[in-house]
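Heads up: the structure comes next, in structure tokens.
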Amino acid sequence: MKKAFLAGLLAFLPLTAQAQRWSLMGEANLLAGQYFYNNAAGSANGYVDLNLQQARSFSPESGFFINERYLYTGFKQVNELAGGGTLFQQSMDSSLGAKYIKRFEGGYSIKPRIGVRNQLFRETMDEDWGKGLYDYWRYEGGLTWERKTRLGLSVPWTYQISYDLYYTYYPRFKSLASAFGAALATPDPGERPLNTLTHQFSYRSEFDLPGFASAWGLASLSIIDFTDQKIVNSKGDYLDSKRSDVYATIGLGYSKRFSDFEALGRVRPGASMGLTLSSLMSNQNNFDTDPKRLQYVAGYYNYWEARLSPVASALFLKTQINVRLGYDFGYRSYSGRLTQNSGDGSYTGENLHQYTHGLTLEASYPLWRQLEFKARGLWAKSSSNNSFQQVYTYNYSSYNYFAGISWKL
């Protein structure tokens with residue numbers, strides 16, 4: 001399925017690019033470098049990011065867009081896919097989407113879209129691509145209603161109301177208890193416990209402020225239904241009712257381009273700040289079946305989280321060197337999940353919380369026409385009050401550096 005998807009995507013590109021009135025835009029990043037995880041060095045590897053957009057205008061009021069993206073990450077990373085952090089060696093992410101835009105008088109427009117995404121993970125270096133337990137397909141569609149107007153006389157204002165539908169399917173993640181539960185006389189949690197159907201409602205506003213500044217705000221609500229994951233009770237039995245989560249997010253952001261100052265051949269600085277507050281509420285619980293513990297935890301997945309993300313940038317106009325420094329801080333507090341001791345996994349009775357830090361430094365330098373040299377370094381650290389990590393990864397540190405070329409179409 002993966003090969004057929006990529007082959008169809010690549011074969012589709014030249015046909016659409018040559019079609020009448022099609023325009024092709026995008027960027028390709030090819031980087032190589034090395035990563036370090038918990039002070040252990042990894043082998044040299046690569047990072048590939050191919051992002052293409054094709055557009056066709058039917059009239060001044062309507063147009064059609066096609067988006068293709070391929071992303072390969074060749075360094076260790078912790079991703080949250082099943083309720084906690086899981087360590088992966090490498091990953092590949094491919095997506096294909098289409099969007100139609102229709103504009104109306106008064107600055108109104110509607111934007112229906114469809115798309116498909118396939119993500120592959122390797123938990124070990126000897127694992128074959130396409131055989132990962134957490135590999136998934138996501139099929140999606142949505143509709144956005146947008147209006148462009150003004151706030152007062154001088155501030156352009158764009159706001160959007162969107163509805164999106166996602167179906168996520170894990171072809172290889174199956175419950176062994178579901179397959180052999182009858183023979184072993186064990187409870188049945190459901191055959192495919194990670195498959196989900198998500199309804200997402202969102203609102204976004206953007207303001208172009210005077211003085212080369214902008215601000216944005218976002219609010220979204222996602223209702224996530226697990227199509228085959230049964231709820232566990234305090235006896236370790238599974239009910240007929242299914243798991244359902246509600247994920248809510250509120251975000252605010254501001255960016256500003258400052259006046260140039262005469263130094264090092266003239267420098268153009270900029271800065272931005274983002275703040276996100278989110279919360280997950282779930283009706284699923286957890287029952288630890290280890291005979292030494294047999295612990296029931298209600299509201300195991302519930303948490304609230306805050307993230308703060310400042311960014312500083314500088315463009316050196318004489319040399320066209322562009323430098324960006326970003327920092328991301330996050331704090332997550334679980335209302336039901338309990339910490340465990342590192343040795344025997346015994347429960348302490350204290351609720352789990354986690355801190356995450358991320359520091360990114362990027363630089364680019366133009367080589368020839370649309371070709372750039374890029375260098376990137378990333379440091380990340382996660383710490384928590386939980387020292388037991390046999391189920392999920394909460395405490396780790398990593399950093400990597402990569403360099404290569406970027407080509408803008």
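The values are calculated or read from the model by the stated rules, or taken from the named source; none is laboratory data. Worth saying up front: this structure is predicted, and the values here are computed from it rather than measured. With ideal geometry, Cβ positions are generated from the backbone for all residues, glycine too; neighbour counts draw on all protein chains shown.
The figures follow:
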{"item": "Subset tally (residues that are polar (S, T, N, Q) and not in a strand (DSSP E or B)) for segment 225-248", "result": "2"}
{"item": "Tally, over segment 122-167, of residues that are over 21 Å from the mean Cα position of the chain (by Cα), outside any strand (DSSP E or B) and either closer than 18 Å to THR86 by Cβ or not hydroxyl-bearing (Ser, Thr, Tyr) (or both)", "result": "8"}
{"item": "Only one of LYS230, LYS256 that is surrounded by 14 or more Cβ atoms within 10 Å (Cβ to Cβ), within 30 Å of PRO193 (Cβ to Cβ) and over 23 Å from the mean Cα position of the chain (by Cα)", "result": "LYS230"}
{"item": "Check on GLU206, at pLDDT 95 or above and over 26 Å from ARG332 (Cα atoms)", "result": "yes"}
{"item": "Residue among ARG69, ARG56, ARG103 that alone is surrounded by 13 or more Cβ atoms within 10 Å (Cβ to Cβ), modelled with pLDDT of 90 or more, of a type in the set (D, E, K, R) and more than 26 Å from TYR139 (Cβ to Cβ)", "result": "ARG103"}
{"item": "So SER346, is it over 19 Å from LEU87 (Cα atoms) and at pLDDT 95 or above", "result": "no"}
{"item": "Counted residues, segment 278-293 - those being exposed (fewer than 15 other Cβ atoms within 10 Å of the Cβ) and hydrophobic (A, V, I, L, M, F, W, C)", "result": "0"}
{"item": "Given (1) at pLDDT 95 or above; (2) more than 23 Å from ALA98 (Cα to Cα), index of the condition ASP188 fails", "result": "(1)"}
{"item": "Every pair of residues 6+ apart whose Cβ atoms lie under 7 Å, when the first sits in segment 173-197 and is on the phi < 0 side of the Ramachandran plot while the second is at pLDDT 75 or above and exposed (fewer than 12 other Cβ atoms within 10 Å of the Cβ)", "result": "none"}
{"item": "Residue check for GLY270: assigned to a strand (DSSP E or B) and either touching a Lys or Arg at 6+ places or on another chain (Cβ under 6 Å) or at pLDDT below 95 (or both)", "result": "yes"}
{"item": "Segment 339-357, residues that are touching a residue at least 40 places away in the same chain (Cβ under 8 Å) and over 19 Å from the mean Cα position of the chain (by Cα)", "result": "THR339, GLN340, ASN341, SER342, ASP344, GLY345, SER346, TYR347, LEU352"}
{"item": "Test set (1) polar (S, T, N, Q); (2) modelled with pLDDT of 90 or more; (3) under 30 Å from SER282 (Cβ atoms) - ASN51 fails condition number", "result": "(3)"}
{"item": "Odd one out for SER95 among (1) touching a residue at least 60 places away in the same chain (Cβ under 8 Å); (2) outside any loop (DSSP other than H, G, I, E, B)", "result": "(1)"}
{"item": "Filtered residue count, segment 117-154, keeping only those that are surrounded by 14 or more Cβ atoms within 10 Å (Cβ to Cβ), modelled with pLDDT of 95 or more and of a type in the set (A, V, I, L, M, F, W, C)", "result": "1"}
{"item": "Subset of segment 299-338 [surrounded by 15 or more Cβ atoms within 10 Å (Cβ to Cβ) and more than 27 Å from the chain's Cα centre (by Cα)]", "result": "LEU315, PHE316, ILE321"}
{"item": "Residues located in segment 364-409, provided they are in a loop (DSSP other than H, G, I, E, B) and either in contact with a helix residue (DSSP H, G or I) (Cβ under 7 Å, 6 or more places away or on another chain) or among the aliphatic types (A, V, I, L, M) (or both)", "result": "VAL391, LEU409"}
